[in-house]
Amino acid sequence: MNAASSSGRDPTADPSSLYFVDAAHPYAAAAATALTSHRAKSKWSHLSSVPVPSPLPSSAAAAVLLLLRRRPHTALRFHDFALRRLLPSHSPPPLVLSASAAHVAAASRLRGAALAVLASASRHYSPAQIFNALAATYRRFASAPFVFDLLLLAYLRSRRDALAATSVARRILAAGARPLSSTAAALIRSLPSAAAALDMYHQIYTHSSPQRNQLLLPTVHTFNSLLLAFYREGKCDEFKIVLQEMSKYSCKHNVCTYSIRMAEYCDRRDVDKAQGLWDEMIREGIQPDVTAYNTMIGGYCRAAEVGMAEEMFKNMEMGGIDPSATTFEWLIRGHCMAGDADAAMLVRADMRRRGFGLASEVVEELLDALCQNGRVHDGLGVLREEMRREEYVPTRRSYEVLIKGFCDEVEVEVAIRLQAEMAGKGYNAGSEVYHAFIRAYEKSQDYEMVEKLRKEMAAMAT
């Protein structure tokens with residue numbers, strides 16, 4: 001994957017090229033000598049004594065990396081030194097220098113260092129500019145092919161820019177190559193739609209030239225990325241397309257594949273088919289993980305089979321799988337949907353002992369279940385305990401449920417304090433809160449307050 005000029009010349013040897021690497025420059029040779037001929041403790045002080053032309057050409061700085069490429073850690077440290085001390089500050093890193101540093105790191109399998117260099121370059125240059133620089137300097141630095149994968153990953157990880165990463169992937173394909181399967185899976189996962197994900201899959205594996213290298217064939221992770229894309233859009237009928245592709249490559253399911261497919265059936269409340277897939281997974285000798293258990297526990301809870309969900313939970317712990325916050329949240333929601341507030345509170349107590357807190361929407365469901373069972377004070381206790389967690393933010397709905405609960409119990413003073421607290425959080429009282437207070441005042445025969453609140457509601461409506 002090299003980019004020579006139309007005349008076949010190496011652009012790194014052409015002084016008129018943007019990618020010129022001037023290995024004959026006096027500073028390049030002197031700097032490389034200073035960093036290779038002295039002990040570690042003294043070589044950087046010797047480097048500081050090497051005369052630096054003003055300005056230092058980026059082609060000379062890149063040449064130092066070329067001469068030091070077999071000492072990658074020293075070369076990369078010089079790269080940082082050059083950016084801080086030798087080149088103009090407050091300006092983008094020279095493109096040829098960034099490409100050179102990325103090649104040195106990639107050729108030595110210093111993945112993190114290469115990603116850092118490319119991520120920095122991506123803040124200043126377009127995908128095409130960086131790709132062309134890497135391609136032009138690739139052969140001179142005897143680089144590794146996965147440097148182009150790293151450029152794609154740099155846009156995905158540091159920039160969250162799937163469009164730029166897609167542009168890089170297409171350039172890799174246009175050069176007659178193919179990204180590694182792990183890189184392709186990451187790209188497919190990042191795309192904004194299932195259609196875009198499937199199109200990219202076909203561009204990489206169907207429309208490009210055949211590759212015999214096993215590292216370049218799609219893997220179960222590739223197909224899981226496609227399944228997940230369709231699942232997120234609710235297009236589970238399209239799973240058959242992905243499963244046919246898996247069969248074509250003789251690719252077997254893993255636990256993630258089964259979890260996505262089970263989630264489809266659980267969402268449809270068809271837990272029998274989900275259980276069928278679970279049983280198949282066990283027969284295949286695949287160990288369920290916490291996500292697989294949570295999928296089935298959630299499916300049983302939504303299907304109002306909380307007893308089966310509890311059985312799954314017991315099997316999970318007996319199998320040595322540690323539950324997550326999601327596990328407990330599903331069990332609490334399942335008991336709340338069944339109207340068993342006592343069981344939900346027992347699960348919450350177990351959850352708290354293990355250091356987990358509840359998500360805001362689960363707190364709402366638990367408060368609602370408690371209030372429906374006449375345990376409004378317990379509900380207020382739950383809210384206060386959750387509010388001690390720094391990351392928890394009470395929702396409008398939590399306040400509304402409790403205010404309604406206290407109004408139903410004609411504990412208007414507590415409800416008023418909660419409504420004031422609610423207002424302090426920036427939540428205005430809606431019609432549900434007004435109706436709750438009106439019913440409470442009607443029960444206490446305070447018709448003056450009833451009339452006042454009705455007038456306020458009428459004014460709000462206009």
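The values are calculated or read from the model by the stated rules, or taken from the named source; none is laboratory data. The structure presented is a predicted model; accordingly, all values stated were derived computationally and were not measured. Here the Cβ is made from the backbone with ideal geometry for all residues, glycine too, and neighbour counts use every protein chain on show. Just the protein is used for accessible areas: all its heavy atoms, side chains included, with ligands, DNA and RNA removed. Shrake-Rupley method; radii C 1.70, N 1.55, O 1.52, S 1.80 Å.
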Net charge contributed by nearby residues that have their C-beta within less than 14 Å of ALA61 (K/R +1, D/E -1)
+2
If I compute solvent accessible area with a 1.4 Å probe over the protein chains, what percent of it on the chain is carbon and sulfur?
51
In nanometres, what is the gap between the two model label sites at LYS240 and LYS443, each 7 Å from Cα along Cα-to-Cβ?
5.6
Ranked highest first by average number of other Cβ atoms within 10 Å, how do 184-193, 363-372, 15-24 line up?
363-372, 184-193, 15-24
Mind pulling the angle between the C-alpha long axis of helix 376-387 and the longest principal axis of the chain? Nearest 10 degrees, somewhere in 0 to 90.
20
Mean accessible area per residue over segment 403-462 (1.4 angstrom probe, all protein chains present, square angstrom) is 60
Given a 1.4 Å probe, the accessible area of segment 68-195 per residue, as a whole number of Å², is 42
Compute the angle between helix 290-302 and the longest alpha-carbon principal axis of the chain, please, reported from 0 to 90 degrees and rounded to the nearest 10.
30
Förster radius 60 Å - calculated FRET efficiency between SER45 and ASP378, Cβ distance, rounded to 0.05:
0.30
Restricting to lysine pairs 8 or more places apart or on different chains, what number in the chain have Cα atoms under 29 Å apart?
19
Just how large is the dipole of segment 13-76 about the Cα centre, in debye to the nearest 20, putting +1 at every Lys and Arg Cβ and -1 at every Asp and Glu Cβ?
460
Considering the Cα trace of segment 201-344, what is its radius of gyration and what is Dmax, both in angstroms?
17.4, 62
Could you tell me the relative contact order of the chain? Use alpha-carbon pairs under 8 Å, at least six residues apart, and round to a whole percent.
7
Matching label for the computed Rg/Rh (Cα atoms, Kirkwood Rh), out of (i) 1.15; (ii) 1.57; (iii) 1.04, is (i)
How big is the charge dipole of segment 35-136 about its Cα centre, in debye rounded to the nearest 20, if each Lys and Arg gets +1 on its Cβ and each Asp and Glu gets -1 on its Cβ?
440
Compute the helix-to-body angle for 325-337: its Cα long axis versus the longest principal axis of the chain, expressed 0 to 90° and rounded to tens.
30
The extension gain from HIS202 to GLU390, computed as 0.36 nm times the residue separation minus the Cα-Cα distance, is 63.1 nm
Local electrostatic count, ASP408, Cβ distance below 14 Å [Lys/Arg +1, Asp/Glu -1]:
-2
The extension gain from THR36 to VAL52, computed as 0.36 nm times the residue separation minus the Cα-Cα distance, is 4.0 nm
Surface per residue (accessible, 1.4 Å probe) for segment 230-328, Å²
51
Please list 3J(HN,Hα) in residue order for segment 310-321, calculated via the Karplus relation 6.51 cos²θ - 1.76 cosθ + 1.60 where θ = phi - 60°; whole Hz, with x for glycine and proline.
5, 5, 4, 4, 4, 4, 4, 5, 5, x, x, 8
